[in-house]
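Q: My structure is below; once you've seen it, I'll send some questions.
The values are calculated or read from the model by the stated rules, or taken from the named source; none is laboratory data. Keep in mind that this is a model prediction, so the values were computed, not measured. Methodologically, a virtual Cβ is constructed for each residue, glycine included, from the backbone with ideal geometry; neighbour enumeration extends over all protein chains shown. The accessibility values were calculated without ligands, DNA or RNA, using every heavy atom of the protein model including side chains. Shrake-Rupley method; radii C 1.70, N 1.55, O 1.52, S 1.80 Å.
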Amino acid sequence: MQENVQFERYSVSQWQQLVESTLKGRSLKDLQTETYEGLTLEPLYTERPDSDGFHPSRGWELNSGWYTAQQVSAESAEKACKAVENELQNGSEVIAIKEDGEGQWSRNQLKELLSLQDKPHIFILNSHLRNNWLPLLIELKDAYPVTGVFGFDFISGEAQAGRLVNEEFLAQWVSEINELSHTQPSLKSIVISTVPYHHSGANAVQELAVALAESSWMINHLAQEGWKVEHIVEKMHIQFAAGSTFFLEIAKIRAFRALWRHFIDCYQVGDLPVSVGSQSSPMTKTVQDPQVNILRAGNEAFAAALGGVNYQHVEPFDSLNGSPSSLAVRVARNIQLILKEETFLKGIADPAGGSYYIETITKQLAEKAWTFFLEIEELGGVQEALKEGFIQNRINEVWEQRAMDSATRKAAIIGTNRYASVNKEIMKEQYEQPKKGVIKPLEKHRLSEQWEALLTNLQKESLSGDLKPIDLVCLGELNEYKARLDFVSGILNTVGLNYQITSTLQTSPVQIICGTNEAYTDKMTKLLTEKKPNQSVYVAGDILSDHMQKWTECGLTDSICEGKNIISFLEKVVKPLKEVKSNETNL
């Protein structure tokens, strides 16, 4: 084996020339990706952004690694106790509950729960549980000193319901956390959650900015109540949702640490770290093909771990279908255990640091988020910005783009809008959007909601598998029409519509022609003469406008191809199928 091998050095321009020679006429710009945050992701990063060489993520440690905080969902306090005990026995590190059926906890039940650990460590973000446990934790202060996170974000929570926080509530809240800070001094009782904003469609820049804006509001309000900034920050916990864009989510958490350092410097109290938590994104999960949610949640958890969070919850893959199964709960927990123990992420500070790509987008996110934060502050703070609808409107702009990308399948949702299974899960009622109250609410959204809404409507009318099959008219040999046949059948599978393959127009109210452009040129005009009066005829593929105009005059309804609104297409296709079904039923 040769030693001291020297490799020839190549410049960036030489790399660009080599890449462009393989792109078959396309430019290097075709490899750039635009994000919802307004960033342009480059195919290659060769320089680290200007910095002082030290990122806050490397010196900010509240604990070694992160706490596995799997939040259990149960129907009662008794079942919640058993579920938490199971979690702790199998790898979870804190007492974490998401849902408890909203029953009342007795003193003995809470004692039983806290007795599961020698030093009780809790992670509670639920408003009902917080209010229910508060007097009990105060009462049990001597027997059960508790550490962890215990609170809820009333600003984003109220905004989700279309309300603003009132003065009466604030006075009570200040009184409660004052007492809690004396009786349970190790609890972080001031919680800021960007999850409702994320669930409404916010991008990473908006999430970071509202985290700062709510922090600013909390610090300013409590400072007026006599709290010191150091004490406020010590009691704070910031909760994020980890989305599906892997590297961007790593950068989001890293950017928050950089932003926080800059933000807290404004108060001239030194470098005060704050607790940061993460949970699986509710926006990215799907009802159909729920096992794919395992991949989504694993990707999100990995990104959060690399970003550097202090607490993490992974949502079970089938929780959208009701109470999660024991398998889903175990898989969710094991995702974290694998990340900690088998990928050796436990205790590593800022493992993503040094990547030119991540360092660059971290800085870009931080700069954009700081600008948006200042815009919110100029309006009078987060409460005023919510009151005016400023934050909601900006988030809605992002959501509309997300929804369009989902409808056109630019954003692939595996198992829902691409590679969908023919067999469908029965859709259950999902959350209802709140009516407009005092302010415009933060509406809950999921990327798959349009697809699932269409499927739900079909299932409600018992039509999904009971409509007349669509005729897929295939021209030529299999190798000539297969690509477009697969494209069309994949679209129909998304909502469970039946189809049959034929070589000529048949009796179905919807005909979709699949073939090569040459076959269309030779046979389309003749085929359209065979069209029945009430039939809709579509052609698969991106067709030249001259041909489309000619064939439309002959009776063609439209074309279907990548880039078009597939949701709109499916709604048009379903309508004549429903009409035929209705007429047959009435006979």
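Yes or no, residue by residue, for (1) touching a Lys or Arg at 6+ places or on another chain (Cβ under 8 Å); (2) free of Cβ contacts under 8 Å to residues at least 40 places away in the same chain:
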| position | (1), (2) |
| --- | --- |
| Val146 | no, no |
| Val149 | yes, no |
| Ile155 | no, no |
| Glu158 | no, yes |
| Leu164 | yes, no |
| Trp173 | no, yes |
| Leu180 | no, no |
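Q: Next question. For residues in region 1-17 being among the hydrophobic types (A, V, I, L, M, F, W, C) and over 37 Å from the mean Cα position of the chain (by Cα), which is farthest from Leu44 (Cα to Cα)?
A: Filtering first and then ranking leaves Met1.
Q: Follow-up question, since we're still on this one. Name every residue in region 326-372 that is β-branched (Val, Ile, Thr), assigned to a helix (DSSP H, G or I) and surrounded by fewer than 14 Cβ atoms within 10 Å (Cβ to Cβ), in order of residue number.
A: Thr371
Q: Related question: Return the residue satisfying two criteria in turn: it lies in region 426-453 and is surrounded by 17 or more Cβ atoms within 10 Å (Cβ to Cβ) and under 22 Å from Lys578 (Cβ atoms), and of such residues it is modelled with the lowest pLDDT.
A: Among residues in region 426-453 that are surrounded by 17 or more Cβ atoms within 10 Å (Cβ to Cβ) and under 22 Å from Lys578 (Cβ atoms), the one modelled with the lowest pLDDT is Met427.
Q: Answer yes if at least one residue in region 269-284 is without any contact (Cβ under 8 Å) to a residue 24 or more places away in the chain and either aliphatic (A, V, I, L, M) or in a helix (DSSP H, G or I) (or both), and no otherwise.
A: No, region 269-284 has no match at all.
Q: Can you name every residue in region 1-24 that is farther than 27 Å from Phe247 by Cβ and open to solvent by less than 80 Å² (accessible area, probe 1.4 Å)?
A: Passing the criteria: only Val5.
Q: Do we find that Ser503 is at pLDDT 95 or above and either closer than 21 Å to Cys561 by Cβ or among the hydroxyl-bearing types (Ser, Thr, Tyr) (or both) in this structure?
A: no
Q: Do we find that Phe372 is within 30 Å of Ala83 (Cβ to Cβ), modelled with pLDDT of 95 or more and touching a Leu at 6+ places or on another chain (Cβ under 9 Å) in this structure?
A: So Phe372 does not fit the description; no.
Q: For Thr35, indicate whether it is within 20 Å of Ser355 (Cα to Cα), among the hydroxyl-bearing types (Ser, Thr, Tyr), loosely packed, with under 10 Cβ neighbours inside 10 Å and in contact (Cβ under 8 Å) with a residue 12 or more places away in the chain.
A: no
Q: A further question on this structure: Do you know which residues across region 373-408 are in a loop (DSSP other than H, G, I, E, B) and either in contact with a strand residue (DSSP E or B) (Cβ under 6 Å, 6 or more places away or on another chain) or open to solvent by 50 Å² or more (accessible area, probe 1.4 Å) (or both)?
A: Answer for region 373-408, where residues must be in a loop (DSSP other than H, G, I, E, B) and either in contact with a strand residue (DSSP E or B) (Cβ under 6 Å, 6 or more places away or on another chain) or open to solvent by 50 Å² or more (accessible area, probe 1.4 Å) (or both): Leu379, Gly380, Glu388.
Q: If we scan region 230-240, do we find a residue that is open to solvent by less than 10 Å² (accessible area, probe 1.4 Å), more than 20 Å from the chain's Cα centre (by Cα) and under 30 Å from Tyr356 (Cα atoms)?
A: yes
Q: Scan region 489-509 and report the pairs whose first residue is more than 22 Å from Ala453 (Cβ to Cβ) and whose second residue is acidic (Asp, Glu) and surrounded by fewer than 16 Cβ atoms within 10 Å (Cβ to Cβ), with Cβ atoms within less than 9 Å and a gap of 6+ or a chain change.
A: Correct list of pairs: Thr504/Glu530; Leu505/Glu530; Pro509/Glu579.
Q: Looking only at region 542-559, decide whether some residue is at positive phi and touching a residue at least 40 places away in the same chain (Cβ under 8 Å).
A: no
Q: Just give me the residues in region 459-496 being aliphatic (A, V, I, L, M), in contact with a helix residue (DSSP H, G or I) (Cβ under 7 Å, 6 or more places away or on another chain) and closer than 19 Å to Lys424 by Cβ, in sequence order.
A: Within region 459-496, Leu463, Leu467, Ile470, Ile491, Val495 qualify.
Q: Sort through Ala143, Ala171 and tell me the only one that's aliphatic (A, V, I, L, M), touching a helix residue (DSSP H, G or I) at 6+ places or on another chain (Cβ under 9 Å), over 25 Å from Ser278 (Cα atoms) and open to solvent by 20 Å² or more (accessible area, probe 1.4 Å).
A: Ala143
Q: OK, next. Might you check whether a residue that is under 35 Å from the mean Cα position of the chain (by Cα), buried (at least 21 other Cβ atoms within 10 Å of the Cβ) and not basic (Lys, Arg) occurs anywhere in region 516-535?
A: no
Q: Please go through region 295-311 and pick out each residue that is buried (at least 22 other Cβ atoms within 10 Å of the Cβ) and hydrophobic (A, V, I, L, M, F, W, C).
A: Scanning region 295-311 gives Ala297, Ala301, Ala303, Ala304, Ala305, Leu306, Val309.
Q: Restricting to region 260-270, give me the number of residues that are among the hydrophobic types (A, V, I, L, M, F, W, C) and open to solvent by 10 Å² or more (accessible area, probe 1.4 Å).
A: Selection size over region 260-270: 2.
Q: Here are some residues: Leu140, Leu125, Leu134, Leu170. Which one is within 24 Å of the chain's Cα centre (by Cα) and not assigned by the TED database to the domain that holds Gln312?
A: Going through Leu140, Leu125, Leu134, Leu170 in turn, just one is within 24 Å of the chain's Cα centre (by Cα) and not assigned by the TED database to the domain that holds Gln312: Leu125.
Q: Go through (1) of a type in the set (A, V, I, L, M); (2) at pLDDT 95 or above; (3) closer than 21 Å to Leu39 by Cα and name the single condition Ala297 misses.
A: That leaves (3) as the condition not met.
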